[in-house]
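Since the structure comes first, as structure tokens, the remarks are kept for the end.
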Amino acid sequence: MASPPSFPEGATTLTDSQPPYASTTATVGGAPTKTLDVPATAVFLFLYVCLAATNATIFRLNRRKDHKFIISALLGGFCNVRTITCSLRIAWAFQLDNVSLVIAAEILLLAGNLILYIINLVFAQRILRARHPEIGWDRRLGFVLKSLYAVIGFVLVMVISTIVLSYYTLDQHTLKVCRDIYLFGSSYVFFFATLPIGILLFAFLRSPSPNQQHFGHGSTEFKTLVLLASSCLCILIAGSRAGTTYMTPRPTGIPAWDDSKASFYSFGFVPEILILLLFVLARVDLLFKVPDDSSKVRSFEKAGEPESLVDATKAG
């Protein structure tokens, strides 16, 4: 999450230019170039298109087997968002004075990652439910997690609004408020990205429940390793953006090391591609598969049983 612009480039008063105003503060990756960014972004664009097709195919094949793994569709949607993001960055390289392209690219760059963070948290919750059903299926925990999802949605709307506003105002007080919202938003997103690690620590530091449940294919240990790798990569993405946001903004002509193009790709697209490849190669659609009605009966093992038998079990 880059810092919002503090003043339009070349403007000294409100009458010198018309909004949206170009930023005079350095942002991660800076303005794209035709010689470096276009070919590099084109490579990532190709990878995202291939991964979008792969996840869409996995989703459709599973649907034919009555296995609705919605997360595959979400991953495909994330890849589609990234194809648009890459396309906008390439277009920006050919229209450097088009601030509207900058705004659109920044919004999509920010919004896409949340899908990966939410998926990791869903996977962590399933592992917790398997090792500690009494805790994982508790309605109070479910309410807390739903509240966290609602807050992340609110934060996303709030930050997107300030991104747009920061490009349409020169008022320094308003820009300071926008930056404060950026700081809060990046901090909460980083906290959200670390939640799966916290849930895994809680699940494995406690002795497993005698009523452990099993879901999907493969061992719980392998599921945990996949989720741990994905969560660490997400923390790298969120942490780098939060750290960049907290850095003192610098002029576009004197960017810091964390505003470099190497930083942009190394802490952005590269870890995202690694996460997507990990999910495809590990077949998370099989690892983290759960029965469709498990949430209703609050059990992986009782899902699919006649309601009378489930009710009798609960009563007993």
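The values are calculated or read from the model by the stated rules, or taken from the named source; none is laboratory data. Treat the numbers as computed from the prediction; the structure is a model and nothing was measured. All Cβ positions, even for glycine, are placed from backbone atoms using ideal geometry, and neighbour counts span all protein chains on display.
For Thr57, state whether it is among the hydroxyl-bearing types (Ser, Thr, Tyr) and free of Cβ contacts under 8 Å to residues at least 24 places away in the same chain. Criteria met by Thr57.
Phe192: surrounded by fewer than 16 Cβ atoms within 10 Å (Cβ to Cβ), in a helix (DSSP H, G or I) and among the hydrophobic types (A, V, I, L, M, F, W, C), yes or no? Let's see the steps before the verdict.
Values: surrounded by fewer than 16 Cβ atoms within 10 Å (Cβ to Cβ): no; in a helix (DSSP H, G or I): yes; among the hydrophobic types (A, V, I, L, M, F, W, C): yes.
No: the conditions fail for Phe192.
Of all residues in the stretch 256-272 being surrounded by 18 or more Cβ atoms within 10 Å (Cβ to Cβ) and hydrophobic (A, V, I, L, M, F, W, C), which is nearest to Gly29 (Cα to Cα)? Result: Phe264.
Somewhere in the stretch 30-38, is a residue assigned to a helix (DSSP H, G or I) and farther than 25 Å from His217 by Cα?
Initially, the stretch 30-38 is screened for residues assigned to a helix (DSSP H, G or I), giving 37-38.
Pick out the ones that are also farther than 25 Å from His217 by Cα and you get 37-38.
Checked against the condition, which is being assigned to a helix (DSSP H, G or I) and farther than 25 Å from His217 by Cα, the stretch 30-38 yields at least one hit.
Within the stretch 85-132, if we keep just the residues that are more than 19 Å from Ser219 (Cα to Cα) and of a type in the set (Phe, Trp, Tyr), the residue that is nearest to the chain's Cα centre (by Cα) turns out to be Tyr117.
Filtering the stretch 166-189 to residues that are among the hydroxyl-bearing types (Ser, Thr, Tyr) and under 24 Å from Ile235 (Cα atoms) leaves Tyr182, Ser186, Ser187, Tyr188. Does the stretch 198-232 hold any residues that are surrounded by 17 or more Cβ atoms within 10 Å (Cβ to Cβ), of a type outside the set (Gly, Ala, Ser) and over 30 Å from Phe267 (Cα atoms), and which are they? Gln213, Phe215, listed by residue number.
Taken over the stretch 197-238, residues that are assigned to a loop (DSSP other than H, G, I, E, B), more than 22 Å from Arg298 (Cβ to Cβ) and either within 15 Å of the chain's Cα centre (by Cα) or without any contact (Cβ under 8 Å) to a residue 12 or more places away in the chain (or both) amount to 1. Pairs linking a residue in the stretch 173-196 that is in contact (Cβ under 8 Å) with a residue 24 or more places away in the chain to a residue that is crowded, with 19+ Cβ neighbours inside 10 Å and of a type in the set (Phe, Trp, Tyr), with Cβ atoms under 6 Å and 6 or more positions apart or on different chains, are Phe192/Tyr117; Ala193/Tyr117. Of everything in the stretch 132-171 that is touching a residue at least 12 places away in the same chain (Cβ under 8 Å) and of a type in the set (S, T, N, Q), the residue that is surrounded by the most Cβ atoms within 10 Å (Cβ to Cβ) is Ser166. Does the stretch 253-265 contain any residue that is at pLDDT 85 or above, in contact with a Cys (Cβ under 9 Å, 6 or more places away or on another chain) and part of a helix (DSSP H, G or I)? Looking through the stretch 253-265, none of the residues is at pLDDT 85 or above, in contact with a Cys (Cβ under 9 Å, 6 or more places away or on another chain) and part of a helix (DSSP H, G or I).
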